[in-house]
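I have placed the structure first, in the form of structure tokens, so that the comments after it can refer back to it.
The values are calculated or read from the model by the stated rules, or taken from the named source; none is laboratory data. Model, not experiment: these values are computed from the prediction. Here Cβ is always computed from backbone atoms with ideal geometry, including for glycine, and neighbour counts include all displayed protein chains.
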Amino acid sequence: AATAKFLFGQQSVMTAVDSQSLHHQLFYLPGRACSSRRNESVVVVMGATGTGKSKLSIDLATRFPSEVVNSDKIQVYRGLDITTNKIPLAERCGVPHHLLGELDPEAGELPALKFRSLAASAIEGIAARRRLPVVAGGSNSFIHALLAARHDPRVDPFAAGDSRRGRRERLRYRCCFLWVDVEKKVLAEYLDRRVEEMAADGMVAELEAYFAAEGAEPGRHPGLEKAIGVPEFREYFEKGKGAKKHAAAVAAIKANTRRLAEEQVRKIGRLGESGCGWALQRVDATAAVRARLEGSAWAAAWDRDVVGPSVAAVESFLES
Ligand code: ATP
């Protein structure tokens, strides 16, 4: 069944890309607006931190020949792999990833407009290799900048009160949006647990090396300065360690991670019905995350509630 699904996926992708190159030949006129040639099919995996976006993107890539384009504004930089939760190489199962740890953190913050052009080049390359581009990551400002037909850096698409209800914002690609959601309380508990595990498992040593490399030049890595973990641990490393300071830093990371997750869910809402009107397909990973918290087998719930509906959504997207 897995092989049949894989082949089915491959055929679907090729059909989509073939019809798109026919579209190129028929409709692309040199000098015309880019939107006439930017009709690649793109799968977008969205969700708050800790919901399993990276895992889902790999699960999809093992069924449909795909490459992943990272859309987390902190994970684009080299370094702090544990602190920023980059998917480890071993878990990528050989799936090529773009814009993941590629940029120099000393080069400054990546503007959304620049991300739009870098990620668009990655998508074009993936489509040219006749694979499915899967955009995965939690920065909804980057997702909007990449996918909206028009991007104006002066406009904040998430501004409160800017409701465009009833008016669907045009997309630059043909998109299948998958939103991995987890009940707020369950996610908060899981995120707390994850921070504790990270703190016990390499994050603090990684941050120590980061601050040591900064040396006498604080702010030398502007790309990573805002990564959750860096501001919270700065005092601990710069003004003298101690159990109290350590506990305060871990508590601040927990609170800021929870806040980030809430803000991400609000922004996803704005990309969906209450704003841009993009058709987000929500998959519910609550049972899988709860099972992880309880220490019970969670893979069956993940496959049933997340992978199954996502694969079905991508299959029907590629057939349509
Ligand atoms: P904003 O405009 O608030 O930056 P955004 O949608 O552009 O929002 P988010 O991905 O929500 O970007 O990131 C907001 C902040 O959350 C980042 O500036 C950073 O402090 C933190 N953050 C996001 N992703 C990570 C990560 N992978 N690791 C550590 N911190 C992160």
Condition first: more than 10 Å from the ligand (Cβ to nearest atom), among the basic types (Lys, Arg), over 27 Å from residue 199 (Cα atoms) and in contact with a Ser or Thr (Cβ under 9 Å, 6 or more places away or on another chain). Can you find one or more residues in the range 115-136 that meet it? yes
Would you be able to tell me the number of residues in the range 146-158 that are more than 9 Å from the ligand (Cβ to nearest atom) and touching a residue at least 12 places away in the same chain (Cβ under 8 Å)? 8
Within the range 90-110, take every residue that is touching a strand residue (DSSP E or B) at 6+ places or on another chain (Cβ under 9 Å) and among the hydrophobic types (A, V, I, L, M, F, W, C) and give me the one that is farthest from the ligand (Cβ to nearest atom). 95
In the set 204, 180, 230, which member is touching a strand residue (DSSP E or B) at 6+ places or on another chain (Cβ under 7 Å) and closer than 30 Å to residue 56 by Cα? 180
Residues in the range 268-300 that are closer than 19 Å to residue 49 by Cβ and either within 14 Å of the ligand (Cβ to nearest atom) or not aliphatic (A, V, I, L, M) (or both) total 11
Options 258, 292: the member that is within 20 Å of the chain's Cα centre (by Cα) and more than 28 Å from residue 175 (Cβ to Cβ): 258
Filter the range 210-248 down to the residues that are more than 26 Å from residue 104 (Cα to Cα) and either charged (D, E, K, R) or touching an Asp or Glu at 6+ places or on another chain (Cβ under 6 Å) (or both) and list them by number. 239, 241, 244, 245
Filtering the range 108-159 for residues that are closer than 18 Å to residue 260 by Cα and either outside any loop (DSSP other than H, G, I, E, B) or modelled with pLDDT under 95 (or both) leaves a count of 10
Pull out all pairs, ordered by first then second residue, where Cβ-Cβ is under 7 Å, the residues are six or more apart or on different chains, the first lies in the range 241-267 and is more than 17 Å from residue 53 (Cα to Cα) and assigned to a helix (DSSP H, G or I), and the second is near the ligand (Cβ under 9 Å from one of its atoms) and modelled with pLDDT of 95 or more. 253/228; 253/229; 256/228
I'm trying to understand the selection: among the residues of the range 176-231, which are part of a loop (DSSP other than H, G, I, E, B), within 16 Å of the ligand (Cβ to nearest atom) and either under 15 Å from residue 78 (Cα atoms) or in contact (Cβ under 8 Å) with a residue 60 or more places away in the chain (or both)? 201, 202, 221, 222, 223, 224, 225, 226, 227, 228, 229
Got at least one residue in the range 160-172 being at pLDDT below 95 and on the phi > 0 side of the Ramachandran plot? yes
